[in-house]
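First up is the structure itself, then whatever we jot down about it.
The values are calculated or read from the model by the stated rules, or taken from the named source; none is laboratory data. Just so it is clear, the structure is predicted and the values come from calculations on it, not from any experiment. Positions of Cβ are generated from backbone atoms using ideal geometry, with glycine treated the same way; all protein chains shown enter the neighbour counts.
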Amino acid sequence: MLDNTDLKILKLLKVNCKMQLRDIGEVVHLTGQAVSNRISRMEDLGVIKGYSVLLDDNLLGKTITAYITIFMKTTNHRAFHVFLNDNESVVEASRISGEGCYLLKIQVNSQEDLNCFLDSVLEYGNYRANISIGKIK
């Protein structure tokens, strides 16, 4: 399905998805057109699902990152999913095995915003909150 050249292209795109096709081609020893064809093929295959922008959350005022483990007290998971999808503070949400039902990564502007979020979670279940004190990777 994918060869080493495709994997190199993906690695370059992960670092900078705006990298010029010509520049990618120089690294992987292909023309810009050949790189474009490979990228299009990987998009068609669903390997590349989209492109995104990395934001500096601190500069946007999102100074608190918290990881919240949710312990559901209801079986109405669909309503909880709607709540998560509608809440801009939720950056990531995963259903998990082991201790807890969900693991959320949220980013908020203040301790007050964190408390409001946690209060709204209580409608669905209990929680355990861990606040990030520094990002490593």
Looking at the stretch 50-59, is at least one residue of a type outside the set (S, T, N, Q) and in contact with a strand residue (DSSP E or B) (Cβ under 7 Å, 6 or more places away or on another chain)? yes
Residue list for the stretch 75-94, restricted to those being in contact with a helix residue (DSSP H, G or I) (Cβ under 8 Å, 6 or more places away or on another chain) and either at pLDDT below 95 or farther than 14 Å from L122 by Cα (or both): N87, S89, V90, A93
Go through the stretch 58-81 residue by residue and tally those that are assigned to a strand (DSSP E or B) and not polar (S, T, N, Q). 7
Counting only residues that are touching a residue at least 40 places away in the same chain (Cβ under 8 Å), over 24 Å from D56 (Cβ atoms) and surrounded by 18 or more Cβ atoms within 10 Å (Cβ to Cβ), how many does the stretch 86-126 have? 2
Qualifying position, being farther than 30 Å from I24 by Cβ, of a type in the set (D, E, K, R) and either assigned to a loop (DSSP other than H, G, I, E, B) or under 16 Å from the mean Cα position of the chain (by Cα) (or both), among E92, E88: E88
On the basis of being in a loop (DSSP other than H, G, I, E, B) and surrounded by 14 or more Cβ atoms within 10 Å (Cβ to Cβ), does I9 make the cut? no
Of everything in the stretch 37-57, what is of a type in the set (V, I, T) and assigned to a loop (DSSP other than H, G, I, E, B)? Give them in sequence order. V47, I48, V53
Of all residues in the stretch 67-85 being touching a residue at least 12 places away in the same chain (Cβ under 8 Å) and β-branched (V, I, T), which is farthest from L103 (Cα to Cα)? T74
Criterion: at pLDDT 95 or above, of a type in the set (S, T, Y) and in contact with a Leu (Cβ under 8 Å, 6 or more places away or on another chain) - qualifying residue of Y67, Y124: Y67
